[in-house]
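This report refers to the structure that appears directly beneath it.
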Amino acid sequence: EERLSAASGAARGDLLRLERVQEAQGAELSGLHLMLGRISGLLKQQGARSEVAWEERPATLQADMEDLEMRFARAQREQRVRLEEVRAEIFGSTERCEALARETQRQCRFWVAGALRRLESLAVRTRERCSALERELRAERPARSRCHAGGHRSLDGQTLTAPGHPGADSSHCEPIGRPDAAAPGHT
C-alpha cells in the first residue's frame, strides 16, 4: 500500500509539473502571439505614415516576423514533445501502481493463506488433544468409581466415594495422608 501510495503521489506530481509546463508554454505562446500582433500593428502604422519607411524596413521587419514565427513553431514542438514525455511518465507510473497493487494483493493472499493454514493446524491439534483428554477421562472413570473416601483418595487427589462405602476397592487408591506419594505421571 505504501508503494502504491508513493507511485500515486509521483503520478500526481507529474501531472502538476505537466500543468505548470503547459501554463508556462501557453504564456510564452500568448506573449509571442501578442508580439506578432504588435509588430503587425507597428508595420501598418509605419506604412500609413510613410511609404518610404515601409520600403526601407520591410526586410528587417520580415526577418523579425520570420524569427517570431520560428520561435512560435519551436515552442509548439517543444510543448508537444514535453506533453508526450509527461504522458509516457504518467503511463509508466500508472503501470507501476497497477503492478504494485497486484503484488500487494498477491502478498496479502499469501499471508492470509499462511494464517489459515496455521489456524487449521491449531484446530486439528486442539481436536486431537481434546480427544486424547476425553479418552484419558473415560479410562479414569472406572478407577474413580472403585475408590472410596474412607481414608483414601484417587490418584488425581479427589475423594470419590463416601466414607465406608461398601464394596469399594481401594487397591488402586492411596492414603490421603501421603499427597507426595502420588503415582508417577499423576498429580
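Points to keep in mind about this one:
- Residues Asp67, Asp14 arranged by fewest to most Cβ contacts within 10 Å: Asp67, Asp14
- Signed unit charges on C-beta, dipole axis of segment 2-115, positive-most listed residue Cys108, Leu4, Phe91: Cys108
- A cut-off under 14 angstrom between Cβ atoms defines the neighbours of Glu120, and their net charge, with Lys, Arg +1 and Asp, Glu -1, is +3.
- On the beta carbon distance between Arg3 and Arg80, with R0 = 30 Å, the FRET formula returns roughly 0.40.
- Paramagnetic label zone (point 7 Å from Cα along Cα-to-C-beta, Ser131; backbone N under 13 Å) in segment 94-118: none
- Electrostatic tally near Arg77: other residues with Cβ closer than 12 Å to its Cβ, Lys and Arg +1, Asp and Glu -1, net +2.
Since every read-out is calculated from the coordinates, none of them should be taken as a lab result. Because the structure is predicted, anything quoted here is derived from the model rather than measured. Cβ: placed from backbone, ideal geometry, glycine included. Neighbour counts: every protein chain shown.
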